[in-house]
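See below for the structure under consideration.
Nothing in this text is a laboratory measurement; each read-out follows from the coordinates by a stated rule. Bear in mind the structure is a predicted one, so any value in this text is a computation, not a measurement. So basically every Cβ, Gly included, is an ideal-geometry build from the backbone, and we count neighbours across all protein chains shown.
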Amino acid sequence: MSEIYLDRGMTIDEVNVLLRAPMSDRERAFFRAIYETFFRANELLQCNIEDYDKNTGELIALCTKNKFNPKTRQHIKSPPKHMIISPGTQILFRKIIGNRKKGAIFINRNGRRLTKTHFQVFINELATGIGIQKVTHITETGRKYHLVTLKALREAGERHCDLNGADSQVTARGSQHSALVKERHYKKSGWGEIQDQIKRFHPAFKN
């Protein structure tokens, strides 16, 4: 695929390098799912085995980010997200879930739900190690702002899907952007249409 630069600096080639780098099945499943579903990291981490349909590949995020209405100054609870993961990621999910019937999908060696910090640190170390991590700028305190992050991987998935020919308004509905002004331009798409767009146009679903 041709190299396409995004706002946060990730190209399709860089995503492919990241997802193929040496790592455990758990980390690979998490990064692939972020890229394919457009779930926020915390949304994915709150998913339980009961929220995953191993027959269809559908994954439901029940704990989604609430939207803020600037007029009422109140948060509006967002509905669950019904997204789908690719066959390759489904294989990884089966491996990391094993014989477990319920509970968190992503757990540590003690059986506890993993945190966002674990994956934030891991993706930075991995991207740095394989030579794709980039820094947008350094603050006066010396803090570096990286371009390869969990958020960047999520946004790259949506944009790469759009660049392959998907309806950008439909994928925007799937990612549930929080801006109410932008939402007025979304199509009233059901999850079936959203999943169809993902399967037809997302690079992860291409053979």
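What net charge is computed for the residues neighbouring residue 122, neighbours being all others with C-beta under 12 Å from the C-beta of residue 122, Lys and Arg scored +1, Asp and Glu -1?
Values: positive: 26, 28, 116; negative: 27, 125.
So the environment of residue 122 carries a net charge of +1.
For the pairs 54/116; 81/102; 101/151; 71/151; 81/199, flag any whose C-alpha to C-alpha distance is greater than 21 Å.
Working: 54/116 24 Å; 81/102 19 Å; 101/151 29 Å; 71/151 27 Å; 81/199 16 Å.
The answer is 54/116; 101/151; 71/151.
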Protection-proxy order for peptides 41-49, 109-117, each taking the mean of Cβ atoms within 10 Å per residue, highest first: 41-49, 109-117
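Semi-axes of the equivalent ellipsoid of the range 75-157: what are they in whole Å, largest first, if each equals the square root of 5 times a C-alpha gyration tensor eigenvalue? Display every interim value, and only then the final one.
Numbers: eigenvalues 168, 63, 45 Å².
Equivalent-ellipsoid dimensions as semi-axes: 29, 18, 15 Å.
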Provide the packing ranking of 134-143, 161-170, 19-28, i.e. peptides ordered by the mean count of other C-beta atoms within 10 Å per residue, highest first. 161-170, 19-28, 134-143
